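The structure appears right after this line, and notes come after that.
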Amino acid sequence: MKVLVVGSGGREHALCWKLAQSAQVEKLWCAPGNAGIAAVAECVEIGVGEYDRMVDFAVSREVGLVVVGPEAPLCGGLADRLRERGIAVFGPSGEAAQLEGSKDYAKRFMNRYGIPTAASATFTDAEAARLYVGEQFAAGKKAVVIKADGLAAGKGVLVAEDQAAAEAFVSECFSGTFGASGSTVVIEECLYGEEASILALCDGKTIVPLVSSQDHKRVYDFDCGPNTGGMGAYSPAPVVTPEISAQIERDILKPFLAGIQAENLDFRGVIFVGVMVTDAGAKVLEFNVRFGDPEIQPVLRRFDGDLCEVMRLTAAGQLDQAELVWSDDPAVSVVVAAGGYPGRYAKGFPITGLEDAEKDGAVVFHAGTAYKDGAIVSAGGRVLGVSARGKTIREAIDHAYAAVKKIHFQDCFCRGDIGAKALARMEK
Ligand code: AMP
Ligand code: GLY
């Protein structure tokens, strides 16, 4: 089968890396891809927002399956456009993608189907939102969470622990800092606990969770500093015990599927549920309609099945026939980022040690790299995801960091504590 993957990050490299191992894949393209992806797929110079060119390419090359990686083209209806032309797609419709594209839409969906989540209120008026914030603090709440509606690349959320900061952020949202996504604001109760990422395949009839994982959202060790797209991840997440896993299936995934069906949403792809594991069980923080990045990196390092077959069946509405084969070995991925990220950072620094890093079984996924004068250079904020498997989580962590040590580019940095929470929990 001819397969086209849309995107250019670590997620798409991990997907291409696994898809390239499938005997079913006779040709693999990635648009636009990056320098690492070029080693396993043919990169095509079409941007993720160029829907006409993407559709034309898929039609003219007789692509049998398109896998849409990022949320923006999903929310923009790329999957619908491809399906209209008879092409099988792994990725939900634009309408269903609103589950990620609009926090208010997602909240209303969760409330309709009794899916546990933080209590919330939605505002389209700044003054009313500020008043509500004041009421919450006056009622003794220690924090509120403010979310600009719509896609804001992870920047539109503030967990505010004092009223002044909360009010200032509300004003910032309505002043247009986050573009159109700031005209509606969701304010919700702050949940306490440990976060985990649940990725589940769904074809509208069946929903199948993948192994659990956990991201590290803050930029510095001990969860300090601003939020990022994710600085590292591991799988499994020990906080997702067998009991929590069963509760997630019962209270979140089953009602999710029932909701999709009741509303006739075309959902053939992956639902990524960000949960907070609280004392009262797992509650949903957010829905995303694509694989978590970096979470998908350690998850796919543990996947021993045929990814092309599983994605093809999902796209065809035959997920019940898919076979998911997992290794028990934990896996870890450590993100190597450009100095300054998630703020301003420079690009174009040559990267050394990439081959050496993979000598002992580690796999380096490229998140933001490019070729310049024949050399691989940094080309993004998150540059690489260095992944490894081990017999234990400690072994996987040590193995990943040993590989990270071999890699260098100017001003690069990584968190030193990826996986520490898992270790602490296992050693309790
Ligand atoms: P979201 O984009 O909605 O997942 O929010 C981004 C991050 O903000 C999450 O990963 C959490 O760390 C935090 N967050 C979001 N909602 C809440 C909440 N209700 N309580 C506590 N933290 C939250
Ligand atoms: N790592 C979190 C995300 O992909 O949104």
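The values are calculated or read from the model by the stated rules, or taken from the named source; none is laboratory data. All figures in this text were calculated on a predicted structure; none of them were measured in a lab. Note that each Cβ is placed from the backbone with ideal geometry, even for glycine, and that neighbours are counted across all protein chains shown.
List of remarks:
- Taken as a whole, the structure leaves TYR234 outside the set of residues that are farther than 23 Å from ARG83 by Cα, more than 11 Å from ligand 2 (Cβ to nearest atom), among the aromatic types (Phe, Trp, Tyr) and surrounded by fewer than 19 Cβ atoms within 10 Å (Cβ to Cβ).
- When restricted to residues that are farther than 24 Å from VAL25 by Cα and either part of a loop (DSSP other than H, G, I, E, B) or basic (Lys, Arg) (or both), the stretch 57-101 contains 7.
- Selection within the stretch 228-271 - under 30 Å from VAL336 (Cα atoms) and over 21 Å from the mean Cα position of the chain (by Cα): THR241
- When residues in the stretch 216-231 are screened for being surrounded by 20 or more Cβ atoms within 10 Å (Cβ to Cβ) and on the phi > 0 side of the Ramachandran plot, 1 of them pass.
- Members of the stretch 207-221 found to be within 14 Å of ligand 2 (Cβ to nearest atom) and not aliphatic (A, V, I, L, M), listed by number: SER212, SER213, GLN214, ASP215, HIS216, LYS217, ARG218
- Residue within the stretch 318-338 that is within 27 Å of ALA106 (Cα to Cα), more than 21 Å from the chain's Cα centre (by Cα), surrounded by fewer than 17 Cβ atoms within 10 Å (Cβ to Cβ) and more than 16 Å from ligand 1 (Cβ to nearest atom) present: yes
- Here THR117 meets each of (1) hydroxyl-bearing (Ser, Thr, Tyr); (2) under 23 Å from the mean Cα position of the chain (by Cα); (3) surrounded by fewer than 21 Cβ atoms within 10 Å (Cβ to Cβ) with one exception, condition (3).
- GLY374 vs. criteria free of Cβ contacts under 8 Å to residues at least 60 places away in the same chain and more than 19 Å from PHE303 (Cβ to Cβ): yes
- Figure legend. Inter-residue proximity from the stretch 270-286: first residues within 12 Å of LEU253 (Cα to Cα) and basic (Lys, Arg), second residues modelled with pLDDT of 95 or more and within 10 Å of ligand 1 (Cβ to nearest atom), beta-carbon distance below 8 Å, spacing 6+ or different chains. Indicated pairs: LYS283/THR117; LYS283/ALA118; LYS283/LEU191; LYS283/VAL275; LYS283/MET276.
- Of all residues in the stretch 292-308, those that are in contact (Cβ under 8 Å) with a residue 60 or more places away in the chain and within 11 Å of ligand 2 (Cβ to nearest atom) have Cβ atoms under 9 Å from Cβ atoms of residues that are in a helix (DSSP H, G or I) and among the basic types (Lys, Arg), 6 or more apart or on another chain, in GLY292/ARG11; ASP293/ARG11; PRO294/ARG11; GLU295/ARG11; ILE296/ARG11; GLN297/ARG11.
- Residue within the stretch 384-392 that is under 16 Å from GLU355 (Cβ atoms), surrounded by fewer than 15 Cβ atoms within 10 Å (Cβ to Cβ) and of a type in the set (D, E, K, R) present: no
- The criterion of at least 3 residues that are within 16 Å of ligand 1 (Cβ to nearest atom) and under 15 Å from the mean Cα position of the chain (by Cα) is met, among strands (runs of 3 or more DSSP E) falling completely within the stretch 161-221, by 194-202.
- Of all residues in the stretch 28-52, those that are part of a helix (DSSP H, G or I), surrounded by fewer than 21 Cβ atoms within 10 Å (Cβ to Cβ) and in contact (Cβ under 8 Å) with a residue 24 or more places away in the chain total 2.
- Among the residues of the stretch 165-206, those that are more than 16 Å from ligand 2 (Cβ to nearest atom), among the charged types (D, E, K, R) and over 18 Å from TYR132 (Cα atoms) comprise ASP203, LYS205.
- Among the residues of the stretch 257-278, those identified as closer than 20 Å to PRO242 by Cβ and surrounded by 18 or more Cβ atoms within 10 Å (Cβ to Cβ) are VAL273, VAL275, MET276, VAL277.
- Scanning the stretch 369-391 for residues that are in a loop (DSSP other than H, G, I, E, B) and within 24 Å of the chain's Cα centre (by Cα) yields ALA379, GLY380, GLY381, GLY390.
- Per-region count, the stretch 405-416, residues under 22 Å from the mean Cα position of the chain (by Cα) and crowded, with 18+ Cβ neighbours inside 10 Å: 2
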